[in-house]
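The next block holds one structure in the form of structure tokens; read it before the comments.
The values are calculated or read from the model by the stated rules, or taken from the named source; none is laboratory data. The structure presented is a predicted model; accordingly, all values stated were derived computationally and were not measured. Here the Cβ positions follow ideal geometry from the backbone for every residue, glycine too, while neighbour counts run over all protein chains shown.
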Amino acid sequence: MERVRIGLIGAGIMGTYGHFPGYMEIPTKAQVVAVCDKNPKAVQNIVEKSGAKGYSSFEDLLGDPSVDAVDICLPHNLHGPVALAALSAGKHVIVEKPFTIDLMQADQVIAEAKARKLKLMAAENMRFIKAYQVAKQLVDSDVIGDICYVRGYTGGPNDDSSDPSNWRIRAAESGGGTMMDDGIHCFYLFRWFVGDVKSVYAVTTKYRKNSISEVEDNAVGTLKFSNGALGIFGFSTTTASPWTEEFQLFGTKGSIFVDFLASNALRVFSTVRRSNDKSLWWGRYGDVSWEYPFVEHSTTEWVTSSMRREVQHFVDCILYDKEPLVTGEDGKRALELCLKAYESARLGKEVSLS
Ligand SMILES: NC(=O)c1ccc[n+]([C@@H]2O[C@H](COP(=O)([O-])OP(=O)(O)OC[C@H]3O[C@@H](n4cnc5c(N)ncnc54)[C@H](O)[C@@H]3O)[C@@H](O)[C@H]2O)c1
């Protein structure tokens, strides 16, 4: 295959502004040949920009033999069924987070991809954000030792909770509120950085009392990892800060802070590392050196460039027969932790993972 022919399913915010430009940047490797959305204006916009064929039904797009791979940017409840139908139709699949909202569906999707030897990627853009990539390299090279404690936070205002047309506030379509929509990123990161989670305890609430939303807008919780580390998380869509993500890793030899809103998105404190580049030194406290390694950092890098790199990686996986950096299994594990956190919140007690 010289060029991957993409069918974009879901041309809302993420499909149009996150994923579509990523394909348009690599015209020698990928071409968006088809687009589907139930909103005709959204379809028309992509058709005009790319010359793709427009569809209003995903079943019709999946029947199009000119499509090699589909990119699913739909409401959460459609991820599993559309991914499964796409794989059954012989298409490679990249699917936005959460991978599915149901573990059985996740298993079916993974099994179908395996049986048909098709590429399946969970679109988890955290993996393509430079600050997290550098943080992971530092963790893997033992700059902070064994991680004993980790903290993840996502938060910011969400003004759509009073809009009845917003699928995110309907539980059957979203599968949950801020924990499913935003927290799922942290649930992916926890496992990537620290390892498997043994148990979770979570509390959720609908802080906006007059909201018509069926789902939580705040969630907090604690984690026990299989390796003995502890974790803590908080997700909120009622705070007045700009949208932000914070991820802090505390280890036996140092700590790493990733912070979306800080001018230094990555801060490293280590007892065992001192960069040769003195411009990176910020200070010393006892045995601990402070460093602020440069990582490309802007809202654009965080929100859009990482998504472009993500879909371009998917194209490379198809062209060069590589395993995606974020697999269906990774997507399923993040979902499993999220669903267990909801179970814990419902039961009011700590819940174990299998
Ligand atoms: N990685 C991230 O940081 C990030 C950020 C935002 C959204 N997302 C994910 O992207 C996905 C889409 O979110 P969004 O913000 O673009 O939502 P959106 O509402 O803007 O877009 C969804 C689109 O799907 C279309 N649609 C709904 N049902 C359909 C159907 N049956 N057939 C065809 N089209 C249908 C809608 O018309 C809409 O255009 C979600 O999974 C979301 O979690 C990820």
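Of all residues in segment 93-113, those that are within 16 Å of residue 337 (Cβ to Cβ) have Cβ atoms under 7 Å from Cβ atoms of residues that are acidic (Asp, Glu) and part of a loop (DSSP other than H, G, I, E, B), 6 or more apart or on another chain, in 97/124.
Kindly state which helices (runs of 4 or more DSSP H) lie completely within segment 20-119 and contain at least 1 residues that are within 14 Å of residue 8 (Cα to Cα) and near the ligand (Cβ under 10 Å from one of its atoms). Working first, answer last.
Working: elements: 20-24, 40-50, 58-62, 79-88, 103-116.
Fully inside segment 20-119 and qualifying: 40-50, 58-62, 79-88.
Residues that are under 14 Å from residue 268 (Cα atoms), touching a residue at least 40 places away in the same chain (Cβ under 8 Å) and not aliphatic (A, V, I, L, M) within segment 134-149 comprise 136, 142, 145, listed in sequence order. Hey, any hits in segment 219-240 for a residue that's touching a helix residue (DSSP H, G or I) at 6+ places or on another chain (Cβ under 9 Å), part of a loop (DSSP other than H, G, I, E, B), at pLDDT below 95 and surrounded by fewer than 22 Cβ atoms within 10 Å (Cβ to Cβ)? No - not one qualifying residue is present in segment 219-240. Check segment 136-153 and report whether any residue there is surrounded by fewer than 19 Cβ atoms within 10 Å (Cβ to Cβ) and within 18 Å of the chain's Cα centre (by Cα). Scanning segment 136-153, I find at least one residue that is surrounded by fewer than 19 Cβ atoms within 10 Å (Cβ to Cβ) and within 18 Å of the chain's Cα centre (by Cα), so the answer is yes.
Looking at residue 140, is it among the acidic types (Asp, Glu) and within 13 Å of the ligand (Cβ to nearest atom)?
Working: among the acidic types (Asp, Glu): yes; within 13 Å of the ligand (Cβ to nearest atom): no.
Here the answer is no, as residue 140 does not meet what is asked.
Taking segment 150-165, which residues are in contact (Cβ under 8 Å) with a residue 40 or more places away in the chain, of a type in the set (S, T, N, Q) and part of a loop (DSSP other than H, G, I, E, B)? Once the filter is applied, which keeps residues that are in contact (Cβ under 8 Å) with a residue 40 or more places away in the chain, of a type in the set (S, T, N, Q) and part of a loop (DSSP other than H, G, I, E, B), segment 150-165 yields only 158. A search for C-beta distances below 7 Å between a residue of segment 303-318 that is in a helix (DSSP H, G or I) and any residue that is among the basic types (Lys, Arg) and surrounded by fewer than 19 Cβ atoms within 10 Å (Cβ to Cβ), counting only pairs 6+ apart in sequence or on different chains, returns 315/29; 316/322. Here residue 213 fulfils each of the conditions (1) in a loop (DSSP other than H, G, I, E, B); (2) more than 16 Å from the ligand (Cβ to nearest atom); (3) small (Gly, Ala, Ser) apart from (2). Here segment 176-202 is the region considered, the condition is being more than 16 Å from the ligand (Cβ to nearest atom) and part of a helix (DSSP H, G or I), and the residue that is surrounded by the most Cβ atoms within 10 Å (Cβ to Cβ) is 190. Applying the condition of being acidic (Asp, Glu) and under 15 Å from the mean Cα position of the chain (by Cα) to segment 69-125 and asking which residue is surrounded by the most Cβ atoms within 10 Å (Cβ to Cβ) yields 71.
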